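Visitor: What follows is a single structure, and I will ask about it in a moment.
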Amino acid sequence: MNDYDETACRLYATEYKDRTEDVDYYVALAKDVGGPVLELGCGDGRILLPIARAGIEVTGVDSSDEMLGRLQKKLREEPLEVRHRIAMTCADLKDSHKLGWPESRLIIAPFNLLLHFHDPDDIVTLLQSISLFAAPDAILAFDVNILSPGVMTSYGSEMKAGHRVAYIDETPVVSWEEASWDPVRQARQVRYVYQWPDGRTESLDFDLRVYGIPELAAMLHEGGWKIEGIWGSFQGAEVGSETTRVIVQCSLQSGKEE
Ligand SMILES: C[S@@+](CC[C@H](N)C(=O)[O-])C[C@H]1O[C@@H](n2cnc3c(N)ncnc32)[C@H](O)[C@@H]1O
């Protein structure tokens, strides 16, 4: 249903298996805010599963059958009580106005989910749709790469970055990153290439629309949310000119009115 086919999902799991600081951040936030949690673009459950293991009910939505299939497979290894805390739906969040979820206290959109939306109107519609299913004191939290002077310098026009050797199932695989930046479309295409010992290559591709902080703030405002905090790292660093990723927490504009 989207770009995350069998190869992409397998390579995604390999590429990000050691990425844990965002998992720790979202699990701590879920413990703090409490459930139910809604994860937009939950993928193979890299973050969703640890949230459920922490005792919190969580619903995941993703448009990739392959990703959800991998999550389903992982669930078979989990105790019954963890499985019972998890619900998942295969749906395209571009159709968010047609979708419905249980009322959530925490809504998360980790690791660049919003950048998969190249049309800002789709993001505004998504933000409006989720606000309808948010508890009055709900928190929306997400992290995205941003357009900033630091990013513009590092993106340049084209790049091909260093080779490294990754071990996939004990096989040494050479991998490298290729990227191009389209300053007019504000779009970044990134390809992680993996070359197997027999010369065969596979790649994991991302086509991301990168937004600046003012654009993010305008979309959030139009979508019914207000920014409560914005940080330059999962450890709470201030946002500066070199910041390449922001972590954002929002509350509903209509807030706790009842
Ligand atoms: C970078 S992955 C993040 C997965 C997971 N949240 C994590 O942090 O590992 C982005 C996920 O968003 C999903 N996705 C992208 N566009 C989507 C859309 N329009 N509707 C639903 N899911 C989408 C992809 O299938 C993918 O699983």
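Visitor: Based on this model, can you work out whether Leu114 counts as at pLDDT below 95 and either surrounded by fewer than 21 Cβ atoms within 10 Å (Cβ to Cβ) or touching a helix residue (DSSP H, G or I) at 6+ places or on another chain (Cβ under 9 Å) (or both)? Can you show your working first?
Guide: Numbers: at pLDDT below 95: no; either surrounded by fewer than 21 Cβ atoms within 10 Å (Cβ to Cβ) or touching a helix residue (DSSP H, G or I) at 6+ places or on another chain (Cβ under 9 Å) (or both): yes.
No; evaluated as a whole, the condition is false for this residue.
Visitor: For Phe133, work out the one condition from (1) exposed (fewer than 15 other Cβ atoms within 10 Å of the Cβ); (2) assigned by TED's automatic domain parsing to the domain that holds Thr14; (3) modelled with pLDDT under 95; (4) within 25 Å of Gly45 (Cβ to Cβ) it doesn't fulfil.
Guide: Only one criterion is unmet by Phe133, namely (1).
Visitor: Name, by its number, the condition in (1) in contact with a strand residue (DSSP E or B) (Cβ under 6 Å, 6 or more places away or on another chain); (2) crowded, with 18+ Cβ neighbours inside 10 Å; (3) outside the structural domain of Thr171 (by TED's automatic domain parsing); (4) of a type in the set (A, V, I, L, M) that does not hold for Leu204.
Guide: If we test Leu204 against (1) in contact with a strand residue (DSSP E or B) (Cβ under 6 Å, 6 or more places away or on another chain); (2) crowded, with 18+ Cβ neighbours inside 10 Å; (3) outside the structural domain of Thr171 (by TED's automatic domain parsing); (4) of a type in the set (A, V, I, L, M), just (3) comes out false.
Visitor: I'd like to know if region 94-102 contains one or more residues that are assigned by TED's automatic domain parsing to the domain that holds Val27, crowded, with 21+ Cβ neighbours inside 10 Å and within 12 Å of the ligand (Cβ to nearest atom).
Guide: Taking region 94-102 and keeping what is assigned by TED's automatic domain parsing to the domain that holds Val27, we get 94-102.
Next cut, crowded, with 21+ Cβ neighbours inside 10 Å only: 96.
Still in the running and within 12 Å of the ligand (Cβ to nearest atom): 96.
Among the residues of region 94-102, at least one is assigned by TED's automatic domain parsing to the domain that holds Val27, crowded, with 21+ Cβ neighbours inside 10 Å and within 12 Å of the ligand (Cβ to nearest atom), which makes the answer yes.
Visitor: What strands (runs of 3 or more DSSP E) lie completely within region 51-128 and have 1 or more residues being closer than 16 Å to Cys9 by Cα?
Guide: Output list reads 58-62, 86-90.
A quick yes/no check of all residues on (1) out of contact with any helix residue (DSSP H, G or I) (no Cβ under 7 Å at 6 or more places or on another chain); (2) within 14 Å of the ligand (Cβ to nearest atom); (3) closer than 30 Å to Asp169 by Cβ; (4) basic (Lys, Arg):
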position: Lys17; (1), (2), (3), (4): yes, yes, yes, yes
position: Ala28; (1), (2), (3), (4): yes, no, no, no
position: Pro36; (1), (2), (3), (4): yes, no, no, no
position: Leu49; (1), (2), (3), (4): no, yes, yes, no
position: Arg53; (1), (2), (3), (4): no, no, yes, yes
position: Asp65; (1), (2), (3), (4): yes, yes, yes, no
position: Lys73; (1), (2), (3), (4): yes, no, yes, yes
position: Glu77; (1), (2), (3), (4): yes, no, yes, no
position: Glu81; (1), (2), (3), (4): yes, no, no, no
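Visitor: May I ask you to list the residues in region 182-206 that are within 16 Å of the ligand (Cβ to nearest atom) and more than 22 Å from the chain's Cα centre (by Cα)? Don't jump to the end; show me each part of the working.
Guide: The initial filter retains those residues of region 182-206 that are within 16 Å of the ligand (Cβ to nearest atom), namely 187-192, 203-206.
None - no residue of region 182-206 is within 16 Å of the ligand (Cβ to nearest atom) and more than 22 Å from the chain's Cα centre (by Cα), so the list stays empty.
Visitor: Further question: Looking only at region 17-38, which residues are crowded, with 23+ Cβ neighbours inside 10 Å and closer than 22 Å to Gly236 by Cβ? Don't jump to the end; show me each part of the working.
Guide: Here is the first cut: in region 17-38, the residues crowded, with 23+ Cβ neighbours inside 10 Å are 26, 30, 37-38.
Result: Tyr26, Ala30, Val37.
Visitor: Moving to a separate point now. Can you pull out every residue in region 94-141 that is among the basic types (Lys, Arg) and over 18 Å from Leu208 (Cα atoms)?
Guide: Filtering region 94-141 down to residues among the basic types (Lys, Arg) leaves 94, 98, 105.
The answer is Lys98, Arg105.
The values are calculated or read from the model by the stated rules, or taken from the named source; none is laboratory data. This one's a predicted model, so the numbers in the text were calculated from it and none came from an experiment. Every residue, glycine among them, receives a Cβ derived from its backbone with ideal geometry; neighbour counts consider all protein chains shown.
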